[in-house]
Amino acid sequence: MDSLLPVEDRGGPAQPLLLARGLRKHFPVGGGLLGRGRKVVRAVDDLTLSVAKGETLGVVGESGCGKSTVARLLIRLLKPDRGTMVLDGDPVDEPHGITVNELRRQVQMVFQDSYASLNPRLTIAETLAFAPKAHGLPAAEARVRVRDLLAKVGLEPDTYAERYPHELSGGQRQRVNIARALALRPRLVILDEAVSALDKSVEAQVLNMLVDLKTELSLTYLFISHDLNVVQYLSDRVLVMYLGKIVELGPVEAIYGQPQHPYTQALLSARPSMDPRKRTKEAPIQGDPPNPIDPPSGCRFRTRCPFAEDVCARVEPPLTETGRQAVACHMRIAGSGHSKAAA
Amino acid sequence: MSNLLEVRDLHVAFVTPDRTVHAVNGVSFDLRRGETLGILGESGSGKSVTLRSILRLHPEHRTRWSGSIRVEGDEVLDMGPRALGDLRGQRVAMIFQEPATAFDPVFTIGHQIAETVQRHAGKSEADAYKRARELLEMVRIPSPAQRLKAYPHEMSGGMRQRAMIALALSCNPSLLLADEPTTALDATVQIQVLLLIRELQREFDLGVIFVTHDIGVAVEVSDRIGVMYAGKIVELAGVEQMVDAPQHPYSRGLLASTVHDGMRGQRLEAIPGAPPDLGEVPTGCSFAPRCKFVRPDCVAAPPDLRATGQSHLVRCVLAA
Amino acid sequence: MTLQSPSLELGAPLVQPIATAGGRSYWQSVRRRLRRDPVTLICGGVLILLVASALFAPWLGLDDPYKTSMLRRLYPLGSPGHLLGTDELGRDMLSRLIYGGRLSLFMGVTPVVCALLIGGLLGITAGFLGGRVNMLIMRIMDVFYAFPSVLLAISLSGAMGAGAENTLLSLTLVFIPPVCRVSESVTTQVRGFDFVDAARASGAGMLNIVRVHVLGNVLGPILVYATSLISVAIILAAGLSFLGLGVKPPEPEWGLMLNTLRQAIYVNPVLAALPGVMIFITSICFNLMSDGLRAAMDVKA
C-alpha cells in the first residue's frame, strides 16, 4: 500500500465524470510584429461534451477537425479561450472547485507512439516514476509502483525497468505510454491516437489490453482516433467532429447503423472494403478536408456536402436531438428551411 | 504474355559496423502489365526494401544484394548509371508515402513535372508545361492551370499526392511502384486516391506494385496479394482466395486480428510476440516463435514456397 | 504485490526487447563512439598535452619567461639551451610559449564557460517559457547578434580599456547571444516533444520538468556548440592582444607575442610564426573535437 491513493468517486454513477461546456480554442497564425496575426485557426469552437462514468466515448474526425486540441484542452495542456469544465461535480480552475493539478491526478493522457513520446535519456523506470514522485510519493514506494505498472501492461519488470526507449519496439513503447498514464491511478484516460502508429497485429494486443485494464481499474476512456473500425470496436458512444464542431453524437450502434449526418455517412463509406467482390465504386465525397483557418460560414461542412442549400450558408445548424442521436444538420431539423427537412 | 517484372530469389542486407540487417531473404514473384500486386506486411517485413530494390534506391556502399530483378527482360542489378537513369522515372516510376518530401519546396509543381518531361522525353519547355497541365487534369486536380504555378506547401496532402502521381506518370512508365502512398492521408482522401490509381492503371495498362500494411487498402486495389514476413513472402494468392481462405498462420492471424465491422464485443485474436530481429539469417521458419501450430520441423529448416491450388503459394509445412 | 494482467497472452513467449547489450544509456554510447573515432582521440590527446603543460608549467624546469637578455636576442630554433630560440627581448621561446598557453587557454575557455552559464540559462528559459518572455529575451539578443563578433569585441574592449579582465568580460558578452540563440532553439524543439507534454500533464512543477526532462536533452547540442566557440575565443583573445587591447606586456600570451615578434619576421620568420602555430593547433583541435562530439551524439542511440 502506498500513500498516493486514487481519488474517490463523488456524486454517484448518474453524474457525468467530465462535463465540458462551450470550449473554444483559437490559435493565432503568424504575422505581425508582436505576434498579433490577422489569421486565426479556429481549432475548437463552442464545444460541449460529457463523459459518463465507466463509458468509452469515441471521438472521430479527420485532420483539422480539432480532436487532438480537444484532448489537450481537457487535460489542460492548453488553456481554453472560453468554456468551463466540471469533473465529477467539481468545477475546474475556478474559485470553488479543484485546481488544474488536482484535475491531472484524475485525468491522464496516452500519447501516440511517436519517437518523442518517451524521454530518450531516461530509463523506463525513471519515466514511470516521474509523475508519482512529483506528487510526493517517496522513492521506495515509487519503485514498487513502477514494477506494478509494468506487470499490468504485460512487460516483465526485471527485463524492462532499466531499459531505454530506443531498445523497445513500437508496441512495447506504447505499453509504457499506457503505464505512464496509469501511474497516478487516474479515473479518466484520454487516448489520443494511442494505437494509430502500431502494426495491426500489435494493435490487436494493445486493444485487448486496454479493454482488460478498463475493467480491472474501473477506468473511463475518451478514445480519439481517425480509424473508424477501432472506434466502433471500443466505444459505447461516438462523437463525430468536423472543423472544430461536433456534427453527430450518439450510441455506437446508432452512429454506425443509421448515421444521420452526411459527413458521418461519407466517413463510414470511405472505409476500404474488406470484400474484394464489393469494392468501392465511387468516392463518397470529393476534395480535401478544408483548412480550419477560414471555416465556411453557416454549416462548416457545406462546401463538401452534396445536399447543401442556401440555408446551410446562412445559418449554422445546432446540435439537435433526433431520436437516438444528436445531429447538427439542417436536413434533420424540422422547420429549418432546408428542402429535405420536415416542415 | 511475357512478364513486365520478374524477381527471383532477391536477398538484400544492410551492413553497418554495428550489425548487419537481413531485410529481404529470398523474395520471388512476377508481375504482368495491367495487374496490381499488393504487398502486405508490417514494419520490418521487408516490403518497402523490396520495392526500393527494384529501382536500386538503397545506398550502394551499405547494401549487399543477390538474386535477379528483370524489368521487361533487363537485369536491374547489373545496370550501370546510364541505364538506371533511363529506368527510373521513365520505364518504372515510384510514388511515396510522404508527398511533402518528394517535391522540392522551392520550385512550383508545374516546374518539377515539366522538368521531368523535358529530361526524359526531350520536349521543349512549352510542350512540357502543356503536358504537365494534361497530367494534372488526368489526376483530377481542380483548376490545373493555376496549380501549375503552385508550390508544394500551398497544396493539401491529397492534392500533393495526386501531383506526385502525375509526376510519376509523366513519362509513360509501364510499371508503377507505390510505397504506402495513402497511409498518411485522411480516410475520405485515401479512398479518392485509391480509386484514382485503379482508374489510371486500367487506362494505361500499368503494372502496379502497391505496398501497404492495411488489409482493406490491399483488398481495394490488388488483383493478387503477397504477404511478407521477416523478409520473405509467406503467402501469395489472388485477392479473393487470400481473403476467403488464407492458409499461412501469419496471414490468418493478420486477418483475424484486423479490427472491422461486427467485431464489437469479441476479444481480438492477437498474434502474440513481436516480429523477429533481422540481425541474423533465419534458420527455421521465421514465424515459428509466434505460431500456434508450430511443430519440430518448423524450426529445423526454413520452409519453401509451395503451390496449394491454382496460383496460391504458401510458405508453411502445414500447407498442402 | 505485482498483479498479473490477463492480457499477457498466457503460453506465448514474453515479448523481448530489441537486442542491445544491457541498458546502454545514450551517454555511454556517445562515449563508446568517441573512443572509436581516431581524429577525436588525437585531438583530445594534443589538447590534454597542451593543458597539462600549461598547468604544470612552473614544475617543468623551464627558463624564466620574463628574464630578458639583450645579448641572446632572436636566437634561431635549435640553439643550445634554447630549443625554440629566443624572442626579441632574449626570452626563451619554449618557456614563453608554454607559459603563454596558460593565459591563452584561460582566455579562451573562461569566456565560453561564462557565456554558457549565462547564455544557456537565458536561452533555456526563453525556449521553455515561450511567448512574451521568449520574445523579450531573443529580441535583446538579436540586437547584440547584429554586430560581427570581432567588431563587437574590439569596441567593447576599446571602451573598457586594455587588460586581461576586460578582455574576459568583453568576450563573454560577445558569446552570450550565440549561445543563447542555440540554447533557445534546441529547448524549443525539445519542448515540443510529447514526453514534455506528458510531464506537464502529470502535474509536475516547471523546474522539475526542466531538470529531469529538458536539461538532459538540450545540454548535449549546447555543449557541442560551446566547444566550437572555444577556438573562436582563443583567436579573438589573441587578436585583441595583438591589437594592444588585451593582455599587456610583459605577460606571455600568444596573440601578444605575435605582435611583438612582428619585426622579427625579416630576421627569423619561423620564430615569428611560432605563437601563430600554437594558436592554430589549439583552435583546430577544439574544432575537430567539437565535430567529433557532434557526430558521436548525432546517431539516435
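The values are calculated or read from the model by the stated rules, or taken from the named source; none is laboratory data. Here the structure is a predicted model, which means the values were calculated and not measured. We place every Cβ from the backbone using ideal geometry, glycine too, and count neighbours over all the protein chains shown.
Scanning the stretch B:149-167 for residues that are surrounded by 22 or more Cβ atoms within 10 Å (Cβ to Cβ) and either touching a Ser or Thr at 6+ places or on another chain (Cβ under 9 Å) or within 14 Å of chain A (Cβ to nearest Cβ) (or both) gives B:158, B:159, B:160, B:161, B:162, B:163, B:167. Condition first: within 15 Å of the chain's Cα centre (by Cα), among the hydroxyl-bearing types (Ser, Thr, Tyr), within 11 Å of another protein chain (Cβ to nearest Cβ) and not in a strand (DSSP E or B). Can you find one or more residues in the stretch B:170-186 that meet it? Yes: the stretch B:170-186 contains one or more residues that are within 15 Å of the chain's Cα centre (by Cα), among the hydroxyl-bearing types (Ser, Thr, Tyr), within 11 Å of another protein chain (Cβ to nearest Cβ) and not in a strand (DSSP E or B). If you go through the stretch A:83-113 and keep only what is in contact (Cβ under 8 Å) with a residue 60 or more places away in the chain, within 10 Å of another protein chain (Cβ to nearest Cβ), outside any helix (DSSP H, G or I) and out of contact with any helix residue (DSSP H, G or I) (no Cβ under 6 Å at 6 or more places or on another chain), you end up with A:107, A:112. For the stretch A:298-330, the set of residues classified as under 26 Å from the mean Cα position of the chain (by Cα), assigned to a loop (DSSP other than H, G, I, E, B) and of a type outside the set (D, E, K, R) consists of A:298, A:299, A:301, A:305, A:317, A:318, A:319, A:323, A:328, A:329, listed by residue number.
Across the stretch A:172-189, the number of residues qualifying as buried (at least 22 other Cβ atoms within 10 Å of the Cβ), over 23 Å from residue A:7 (Cβ atoms) and out of contact with any strand residue (DSSP E or B) (no Cβ under 9 Å at 6 or more places or on another chain) comes to 3.
Here is a check on your reading of the model: is residue A:76 charged (D, E, K, R), in a helix (DSSP H, G or I) and at the interface with another protein chain (Cβ under 10 Å from one of its Cβ atoms)? No: the conditions fail for residue A:76.
Residue B:55 satisfies every condition listed in (1) modelled with pLDDT of 90 or more; (2) exposed (fewer than 14 other Cβ atoms within 10 Å of the Cβ) except (2).
Residue check: residue A:222 meets all listed conditions (1) away from chain B (no Cβ under 12 Å); (2) among the hydrophobic types (A, V, I, L, M, F, W, C); (3) more than 26 Å from residue B:184 (Cα to Cα) but one, namely (3). Taken over the stretch C:249-301, the criterion of being within 14 Å of another protein chain (Cβ to nearest Cβ), in a helix (DSSP H, G or I) and free of Cβ contacts under 8 Å to residues at least 60 places away in the same chain is satisfied by C:298 alone.
How many of the residues in the stretch A:119-129 are touching a Lys or Arg at 6+ places or on another chain (Cβ under 9 Å), more than 7 Å from chain C (Cβ to nearest Cβ) and not small (Gly, Ala, Ser)? Looking only at that region, the number is 3. Once the stretch A:235-259 is narrowed to residues that are surrounded by fewer than 23 Cβ atoms within 10 Å (Cβ to Cβ) and either touching a Phe, Trp or Tyr at 6+ places or on another chain (Cβ under 8 Å) or assigned to a loop (DSSP other than H, G, I, E, B) (or both), the residue that is nearest to the other protein chains (Cβ to nearest Cβ) is A:236. Restricting A:200, A:133 to residues that are crowded, with 20+ Cβ neighbours inside 10 Å and more than 12 Å from chain C (Cβ to nearest Cβ) narrows the list to A:200. Within the stretch B:100-126, the set of residues being in a helix (DSSP H, G or I) and more than 25 Å from the chain's Cα centre (by Cα) comprises B:110, B:111, B:114, B:115, B:118, B:119, B:121, B:125, B:126.
Residues in the stretch C:165-200 that are surrounded by fewer than 18 Cβ atoms within 10 Å (Cβ to Cβ) and more than 27 Å from residue C:128 (Cβ to Cβ): C:165, C:169.
Working carefully through the options C:85, C:130, C:120, C:100, find the one that is crowded, with 18+ Cβ neighbours inside 10 Å, of a type in the set (Gly, Ala, Ser) and under 30 Å from residue C:206 (Cβ atoms). Matching residue, one of C:85, C:130, C:120, C:100: C:120. Across the stretch B:90-99, a minimum of one residue is classified as in a loop (DSSP other than H, G, I, E, B), over 21 Å from residue B:226 (Cα atoms) and out of contact with any Cys (no Cβ under 6 Å at 6 or more places or on another chain). With respect to the conditions (1) hydrophobic (A, V, I, L, M, F, W, C); (2) surrounded by fewer than 23 Cβ atoms within 10 Å (Cβ to Cβ); (3) more than 7 Å from chain C (Cβ to nearest Cβ), residue A:116 lacks only one, and its number is (3).
Filtering the stretch B:257-275 for residues that are crowded, with 22+ Cβ neighbours inside 10 Å and more than 14 Å from chain C (Cβ to nearest Cβ) leaves an empty set. The listed residues are C:86, C:2, C:40, and the only one of them that is more than 27 Å from residue C:227 (Cα to Cα), away from chain B (no Cβ under 14 Å) and modelled with pLDDT of 80 or more turns out to be C:86.
Just one of the listed residues (B:221, B:193) is within 13 Å of chain A (Cβ to nearest Cβ), crowded, with 23+ Cβ neighbours inside 10 Å and without any contact (Cβ under 8 Å) to a residue 40 or more places away in the chain, and it is B:193. Which pairs do you get when a residue that is under 13 Å from residue A:181 (Cβ atoms), found in the stretch A:203-216, comes within reach of a residue that is surrounded by fewer than 23 Cβ atoms within 10 Å (Cβ to Cβ), reach meaning Cβ atoms under 6 angstrom, with the pair 6+ apart or on two chains? Pairs found: A:209/C:7. Considering only residues in the stretch A:169-192 that are in a loop (DSSP other than H, G, I, E, B) and in contact with a helix residue (DSSP H, G or I) (Cβ under 7 Å, 6 or more places away or on another chain), the one that is farthest from the other protein chains (Cβ to nearest Cβ) turns out to be A:187. Against the test of being touching a strand residue (DSSP E or B) at 6+ places or on another chain (Cβ under 9 Å) and hydrophobic (A, V, I, L, M, F, W, C), the options B:318, B:305 yield a single qualifying residue, B:305.
Residues in the stretch C:173-218 that are more than 30 Å from residue C:146 (Cα to Cα) and among the charged types (D, E, K, R) were compared, and the one that is farthest from the other protein chains (Cβ to nearest Cβ) is C:211.
Residues checked against (1) among the hydrophobic types (A, V, I, L, M, F, W, C); (2) touching a helix residue (DSSP H, G or I) at 6+ places or on another chain (Cβ under 8 Å); (3) more than 24 Å from residue C:287 (Cβ to Cβ):
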residue: C:120; (1), (2), (3): no, yes, no
residue: C:129; (1), (2), (3): yes, no, yes
residue: C:151; (1), (2), (3): yes, no, no
residue: C:168; (1), (2), (3): yes, yes, no
residue: C:177; (1), (2), (3): no, yes, no
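If you filter the stretch A:260-274 down to residues that are assigned to a loop (DSSP other than H, G, I, E, B) and more than 7 Å from chain B (Cβ to nearest Cβ), you find that the one that is surrounded by the fewest Cβ atoms within 10 Å (Cβ to Cβ) is A:260. Residues in the stretch A:86-103 that are of a type in the set (D, E, K, R) and over 22 Å from the mean Cα position of the chain (by Cα): A:94 only.
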